[in-house]
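K.L.:
A single structure is presented below for examination.
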Amino acid sequence: MCGIAGIVQEGFDAVQLRRLSCALDHRGPDDHGYLIWDGRSEPQLMQTPSGRGHIGLAHRRLSILDLSENGRQPMFDATGRYAIVYNGEVYNYLELSEELKSHCFRSRTDTEVMLAAWSEYGAEALNRFTGMFAFALIDFQERKLHLARDPFGIKPLYYAQCDGRFAFASEIASLLELEWVSRRANLDRAGRYLASGVTDYGDQTFFQDVCQLPAGAMLTLDIDSAKIVALDRYFRLEDKVDASLSMEEAADRLRKAFLQSVKLHLRSDVPIGACLSGGIDSSSIVMAMRYLEGKDLKIHSFSFVPVSDAISELKWINVVGEAAELQGHLVRPSADELASDLPALVRAQQEPFSSTSVYAQYRVFKAAQEAGIKVMIDGQGADELFAGYLNYVRPAVAERARAFRFRSAFNLINSAARINPNQSRTLLGLASLLIALPDWMKRPLLRRLEKSKTPPWLSAQDASLYQHQTFRAYLKSDVTTTSLPMLLRFEDRNSMAFSIESRVPFVTPALAQIAFSLRSELLLSDSAVTKAVLREAMRPIVPDPILDRRDKIGFATDEGQWMRSLEPTIREAIERGAFGGLPFIDSRKLAAEYDLVFAGKTPLQSAHWRALNLALWSEIFDIQYS
């Protein structure tokens, strides 16, 4: 895990490249390096950048594999044709090195194997990498710069371009070090965030002039003109259902693939820890670690524990801790700590975020750093791939109704209503019917429903990203567009704020291919059992009490208490006019509503948090709304 950055601009000053790199110091505190090329003479590697150039690369290293100087970047391939800066891990580098025996390797790094694979296969190498990555590779012969990102966008990569200038970096804050990259807000993104909380979709960001390279895509830049000549996806999630698979066959296939993924994700030359919430996903990872490595592996687990017993999963954390013989660390941040840490958290995330659960995760990674852990394994992605949320019930019911499987649909409605009393049978039925309506009728109804949910202090916003879809389209949207990209961004910024590499074994093309080959009943059963196939797959490994859980707490926090502790922060923000310059918000109505919230006369809503978050983000990053 590292930080990378670069500039393509005729005659740029090396001081600019150094500023980009220094802004990423937390991502790679172990080492750093630079490459500068003027486009005519030999490219220069240096520790302290100087002079001027036409293209420059910068790298900040967090040493995980081969801790020696042999892993220093930027790195050239053996022929000198290519140079790379790279962030991430390609876990199957040992297997790839066996395929590339004709190449002579000087290190034990995955970086060198990636370079050899590129020289052997070209861009086709991207489909051979198993892991998470974002890299920039110069082809000096073709005078091209290639940027690429892993299939699911686990590792970030942002870029900006303007008038013959191009720059890229692992984080937006790095690009903001350049004078020509503006701090203008993306009003569409800000409006959708306020209305629905959605953040990381598409290639845009909250900054008007900064884009993110899409997941599973490669961008090619002509170095001489600093113009993009190609931007193509090399990976797309395929949806090919194998209706013949039984639950037993599907579970067996999933178990083998998951254990293989965890095994690869354990490759490291530094200590590894694990996030443990007590849910099925993180428990599966921890138990798989113990299953694969036996008693020799010392496993440190880190768990957030809220004050409220109603949302605490400590009982389940203890069940797994005992079964896996973990060295457990419990994280219990106070409301006052949130108030003091909030500015640092907003700086770390660099774009607005949806809830205080991001802070709970932030503190988990802080605890891991304090325990001397450099690599953490987490369970992100399982809920999206294997239908872990009850909001998948509505599209699943509609799918079964459209196929005339009415008994199955009726059973699912009844089961879901029993599990979640807040979802009545009537509401579930109506929502499912709405999904099945023709598009010309559905759109006006959805617009009316969304408008009715808009608070009085917030201008009505289009929520088209949340149009109800088919079951499989809903899953695919969560994996590629809404939920998972957002969670991966939170995870990356929180872990890297404490110089920790976070790994997510569920998020691989192999597991995604299995998930999208399964009938919906294997994911969400007629009894409303979510992640049904994952539960069955892990039955021999994970304790039954964990797999038999029917509640879904998620990464819940004491948000009500925490928000009340932020009353001084919010009142100070109101007094200095922090909400006044925000688009879509009537600051006087919002201030009056905050008064009602703190007086206990109106319930706290997630929109109240989002308004505060947007205001603090705007101040900290000096956002321009004109």
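K.L.:
Cα extents of segment 236-311 along the three principal axes, largest first, in whole Å?
P.N.:
Projected onto the principal axes, the Cα atoms of segment 236-311 cover 44, 38, 28 Å.
K.L.:
Based only on Cα atoms, what mean projected area does the convex hull of segment 72-155 have, in nm²? Mind showing how you got there, number by number?
P.N.:
Values: hull surface 19.7 nm².
Approximately 4.9 nm², given one-decimal rounding.
K.L.:
Express the relative contact order of the chain as a whole percentage, based on alpha carbon pairs under 8 Å and six or more residues apart in sequence. Please report the intermediate quantities before stating the final value.
P.N.:
Details: 1165 pairs, mean separation 99.6, N = 626.
This gives 16 percent for the chain.
K.L.:
Could you derive backbone 3J(HN,Hα) for segment 368-381 from the dihedral phi with the Karplus parameters 6.51, -1.76 and 1.60 (θ = phi - 60°), listing whole Hz in sequence and x where the residue is Gly or Pro?
P.N.:
Per-residue couplings from phi come out as 5, 4, 5, 8, x, 8, 10, 10, 10, 9, 9, x, 4, x Hz.
K.L.:
Given the pairs Lys263/Lys531; Lys256/Lys531; Lys256/Lys298, which span a C-alpha to C-alpha distance of over 20 angstrom in this model?
P.N.:
Working: Lys263/Lys531 22 Å; Lys256/Lys531 17 Å; Lys256/Lys298 23 Å.
In this structure, Lys263/Lys531; Lys256/Lys298 exceed 20 Å between Cα atoms.
K.L.:
Between Glu572 and Asp595, what is 0.36 nm times their sequence separation minus the Cα-Cα distance? Round to one decimal in nm.
P.N.:
7.0 nm
K.L.:
Additional query: Over the Cα atoms of segment 515-600, Rg to Rh with Kirkwood Rh, two decimal places?
P.N.:
Details: Rg = 22.4 Å, Rh = 17.3 Å.
Checking Rg against Rh, the ratio lands at 1.29.
K.L.:
Karplus couplings for segment 169-175 from phi (6.51 cos²θ - 1.76 cosθ + 1.60, θ = phi - 60°), rounded to Hz, Gly and Pro as x?
P.N.:
6, 6, 9, 5, 4, 5, 5
K.L.:
Send over the Kirkwood Rh of segment 566-620, from the inverse of the averaged 1/r over different Cα pairs, rounded to one decimal Å. Don't skip to the end; give the middle numbers.
P.N.:
Values: mean 1/r = 0.0891 Å⁻¹.
For segment 566-620, the Kirkwood estimate is 11.2 Å.
K.L.:
Report, to two decimal places, the Cα Rg of segment 2-233 normalised by 2.2 N^0.38 Å (N = number of residues). Working shown, then result.
P.N.:
Values: Rg = 17.0 Å, N = 232, 2.2 N^0.38 = 17.4 Å.
Rg over 2.2 N^0.38 Å, computed on Cα atoms: 0.98.
K.L.:
Another question, then. Just to be sure I understand the curve: with the Debye formula and one point per C-alpha of segment 262-366, what is log10 I(q)/I(0) at q = 0.13, 0.20, 0.23 Å⁻¹?
P.N.:
-0.54, -1.05, -1.20
K.L.:
Let me ask something else about it. Give the long-range amide H neighbours of Met376: residues separated by 5 or more places, or on another chain, with amide H under 5 Å away, using H modelled in the peptide plane at 1.01 Å from N.
P.N.:
When sequence neighbours closer than 5 places are left aside, the close amide H contacts are Gly273, Glu501, Ser502, Arg503.
K.L.:
Given 4 °C and 1.567 mPa s, compute D for segment 184-239 with the Stokes-Einstein relation, Rh being the Kirkwood radius over Cα pairs; round to the nearest whole µm²/s. Walk me through the numbers before you get to the answer.
P.N.:
Working: Rh = 13.2 Å.
For these conditions, the coefficient is 98 µm²/s.
K.L.:
If you look at just the Cα atoms of segment 302-411, how large are its Rg and its Dmax in Å?
P.N.:
For segment 302-411, the Cα radius of gyration and maximum Cα-Cα distance read 19.0, 56 Å.
K.L.:
So what does log10 I(q)/I(0) come out to for segment 468-561 at q = 0.16, 0.25 Å⁻¹, using the Debye formula with one equal point on every Cα and no solvent?
P.N.:
-0.94, -1.37
K.L.:
Here's another thing I want to ask about it. What's the Cα-based Rg to Rh of segment 40-89, Rh via Kirkwood?
P.N.:
That ratio equals 0.96.
K.L.:
Can you list residues from other chains, or at least 5 along the same chain, whose modelled amide H is less than 5 Å from the amide H of Thr602?
P.N.:
The list, which skips near neighbours in sequence, is Val597.
K.L.:
Between Tyr234 and Ser107, what is the label-to-label distance in nm when each label sits 7 Å out along the Cα-to-Cβ direction?
P.N.:
Distance between label points: 2.0 nm.
K.L.:
Follow-up. Suppose every K and R has +1 on its Cβ and every D and E has -1 on its Cβ; what is the size of the dipole of the chain about the Cα centre, in Debye to the nearest 20? Can you show the working numbers first?
P.N.:
Working: 72 positive and 78 negative charges, 362 e Å.
The dipole magnitude comes to about 1740 debye.
K.L.:
When the Karplus curve 6.51 cos²θ - 1.76 cosθ + 1.60 is applied with θ = phi - 60°, which whole-Hz ³J(HN,Hα) does each residue of segment 328-339 get, with x for Gly and Pro?
P.N.:
My calculation for segment 328-339 gives x, 10, 9, 10, 10, x, 8, 4, 5, 5, 4, 4 Hz in order.
K.L.:
To continue, here is another question. Starting from a Cα-only point model with no solvent, please compute log10 I(q)/I(0) by Debye for segment 2-50 at q = 0.15, 0.16, 0.22, 0.32 1/Å.
P.N.:
Scattering profile of segment 2-50, log10 relative to I(0): -0.39, -0.44, -0.79, -1.39.
K.L.:
Now for a different question. Using the Cα centre of the chain as origin and beta-carbon charges of +1 (Lys, Arg) and -1 (Asp, Glu), tell me which of Tyr594, Trp617, Gln212 is placed farthest towards the positive end of the dipole.
P.N.:
Checking the options against the dipole of the chain, the answer is Tyr594.
K.L.:
Oh, and also: Quick one: divide the alpha-carbon radius of gyration of segment 468-519 by 2.2 N^0.38 Å and tell me what you get.
P.N.:
On the way: Rg = 13.4 Å, N = 52, 2.2 N^0.38 = 9.9 Å.
In units of the 2.2 N^0.38 Å rule of thumb, it is 1.36.
K.L.:
Add -39500 (n - 2.57) for each DSSP H run of 4 or more in the chain, then divide by its residues: what number comes out at 222 nm, to the nearest 500 deg cm²/dmol?
P.N.:
Values: 25 runs with 257 residues, N = 626.
It comes out at -12000 deg cm²/dmol, rounded to the nearest 500.
K.L.:
Also, I was wondering about something else. Where does each of 108-119, 248-259 land if you order them by average Cβ count within 10 Å, highest first? The partial results should precede the final answer.
P.N.:
Numbers: 108-119: 23.9, 248-259: 17.5.
Packing proxy ranking, top to bottom: 108-119, 248-259.
K.L.:
Given N residues in the chain, what is Rg(Cα) / (2.2 N^0.38 Å)? All intermediate terms of the calculation are to be shown ahead of the outcome.
P.N.:
Details: Rg = 24.6 Å, N = 626, 2.2 N^0.38 = 25.4 Å.
For the chain, the normalised Cα radius of gyration comes out at 0.97.
Throughout, read-outs are computed from the coordinates displayed, never taken from laboratory work. What you see is a predicted model; the values in this text were computed from it and never measured. All Cβ positions, glycine included, derive from the backbone under ideal geometry; neighbour counts span all protein chains shown.
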